[in-house]
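Read-outs throughout are calculated quantities, based only on the coordinates presented, and are distinct from any laboratory measurement. Keep in mind that what you see is a predicted model, and the values were worked out from it rather than measured. Quick reminder, even Gly has a Cβ in these numbers, built from the backbone with ideal geometry, and neighbours come from all protein chains shown.
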Amino acid sequence: MSKLIEDFQAYRTAMNEKILASNNKVMKRIYSIDTLAYQEGALSIKTKEMLGLVSSLVLRCDDCVKYHLEKCFEQGTTTEELFEVLSIANLVGGTIVIPHTRRAVEYWEALLEK
């Protein structure tokens, strides 16, 4: 597995465990509602993950971008679909999103290689 992916997943897992171990009710509920929001509903999981990816790019959250890229990959998103998602994010977010798009493409390529 790519070191880029491995490092991200290890860090995310370790920190999530620490956060949830705090036993803070609000944090647990935030994590829970996040999980519930991305379940199958009127919109497919794949569509919701693509929406999450657009939002993450526009908000310029690289960790969120990586997370949603992984989920999009798991849902069978094609590279062609990914670039349409990236184009919407850049349209909505403007050129400030371009550096995040570069990192997203790098991470996507790592996912494709694994």
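Details
- With respect to the stated conditions, GLU49 fails to be surrounded by fewer than 16 Cβ atoms within 10 Å (Cβ to Cβ) and charged (D, E, K, R).
- Within the range 1-46, considering residues that are aromatic (Phe, Trp, Tyr) and touching a Lys or Arg at 6+ places or on another chain (Cβ under 8 Å), the one surrounded by the most Cβ atoms within 10 Å (Cβ to Cβ): PHE8
- Any hit, the range 26-43, residues being touching a residue at least 24 places away in the same chain (Cβ under 8 Å) and not aromatic (Phe, Trp, Tyr): no
- Residue that is surrounded by the fewest Cβ atoms within 10 Å (Cβ to Cβ), among those in the range 85-112 that are without any contact (Cβ under 8 Å) to a residue 60 or more places away in the chain and hydroxyl-bearing (Ser, Thr, Tyr): THR95
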